[in-house]
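Quick notes on the structure that follows.
Here, each number is a calculation from the coordinates, and none is a lab measurement. Owing to the predicted nature of the structure, the values given are computational and were not obtained by experimental measurement. We place every Cβ from the backbone using ideal geometry, glycine too, and count neighbours over all the protein chains shown.
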Amino acid sequence: MPPFISHAIALLEGLLALEQGVKSITLGYGQGGNIVQDLAAMASLRDLGHEYFGRHGYTDYDLTLVFHQWMGGFPEDEAKAFAVINLGSVVAAMARAEKIIVKTPHEAMGIPTKEANAAGLKSTRQILSMLEEQTICADNEVVRQEADLIKREVACLMDAVFAAGDGDLTRGVVQCFAAGILDVPFAPSMYNRGKVLPVRDNEGFIRIYAKGQLPLSKEIMDYHKSRLEERAKAEKRAITFQMVTDDIYAISKGKLIGRPR
């Protein structure tokens, strides 16, 4: 899922919780696979949380971030599955996430055993322990540029929700889901339109192929289109739904991007 969509959902959930008096807020982000984009997503999520909560008058809260290891298809081979788990652990450590949702080497085979769950935890703990005393700079120009893009994308969605609700955040969320202004790719909910389709660009960043009714600016959509055109040119094929399906299965086949053979 593109980071800006999950960020907007997380921020709205956070604001609704704060309205109810909750003081400890955890905002979640699911690993996308491109390290730069994942680091930019985590950095921007923390900034956006404080920005939007403060903008609405909330100051008495504790904010933490949870990083969800890869939530898509996994390789069936356990050694390869551990590689996917460990990549997520490295990114979570670099992003200074307070919490991590850990996966198992049995993700591709059904319900994991307790031993598989323990193995995933041990593998993640080993990575975190090795990186604990290392200073890793995750702040560079490329990460900052992607984080800025994510913030501008989030603003497009959040502004639309606030406008639709006219002071009532709950009403704004309901109306925006009904209109497709909020739309989560591949979500099974009957209240979700499911018209948005993501696809990776030539560097593995998740971009928008079909935006449905998302209120993204022309400038932002032109950027997404240009990045996808770079991939299409490199792969000598058109930008089509086939890229979407290729990307869905890519990591389970040992790649990040679903390139044609």
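Which of the residues spanning the range 169-197 are among the basic types (Lys, Arg) and either under 22 Å from Phe53 (Cβ atoms) or assigned to a helix (DSSP H, G or I) (or both)?
Arg171
Among the candidates Leu87, Leu63, which residue alone is under 22 Å from the mean Cα position of the chain (by Cα) and not in a helix (DSSP H, G or I)?
Leu63
I'm trying to understand the selection: among the residues of the range 218-261, which are within 19 Å of the chain's Cα centre (by Cα) and among the β-branched types (Val, Ile, Thr)?
Selection gives Ile220, Val244, Thr245, Ile248, Ile251, Ile257.
Exactly one of these conditions fails for Leu228: (1) in a loop (DSSP other than H, G, I, E, B); (2) surrounded by 13 or more Cβ atoms within 10 Å (Cβ to Cβ). Give me its number.
(1)
When the range 95-126 is examined, which residues are found to be surrounded by fewer than 18 Cβ atoms within 10 Å (Cβ to Cβ) and assigned to a helix (DSSP H, G or I)?
Selection gives Ala108, Met109, Lys114, Glu115, Asn117, Ala118, Leu121, Lys122, Arg125, Gln126.
Does the range 3-23 hold any residues that are crowded, with 22+ Cβ neighbours inside 10 Å and not in a helix (DSSP H, G or I), and which are they?
Answer for the range 3-23, where residues must be crowded, with 22+ Cβ neighbours inside 10 Å and not in a helix (DSSP H, G or I): there is none.
Could you please find all residues in the range 198-215 being over 18 Å from Val143 (Cβ atoms) and surrounded by 23 or more Cβ atoms within 10 Å (Cβ to Cβ)?
Val199, Ile208, Leu214
Report, by residue number, each residue of the range 236-261 that is of a type in the set (A, V, I, L, M) and closer than 18 Å to Gln69 by Cβ.
If the condition is that a residue be of a type in the set (A, V, I, L, M) and closer than 18 Å to Gln69 by Cβ, then Ile248, Ala250, Ile251, Leu256 are the ones that fit.
Do we find a residue being under 18 Å from His7 (Cα atoms), β-branched (Val, Ile, Thr) and free of Cβ contacts under 8 Å to residues at least 12 places away in the same chain anywhere in the range 146-154?
no
Determine which member of the set Arg261, Arg237, Arg231 is more than 29 Å from Asp159 (Cα to Cα) and in contact (Cβ under 8 Å) with a residue 24 or more places away in the chain.
Arg231
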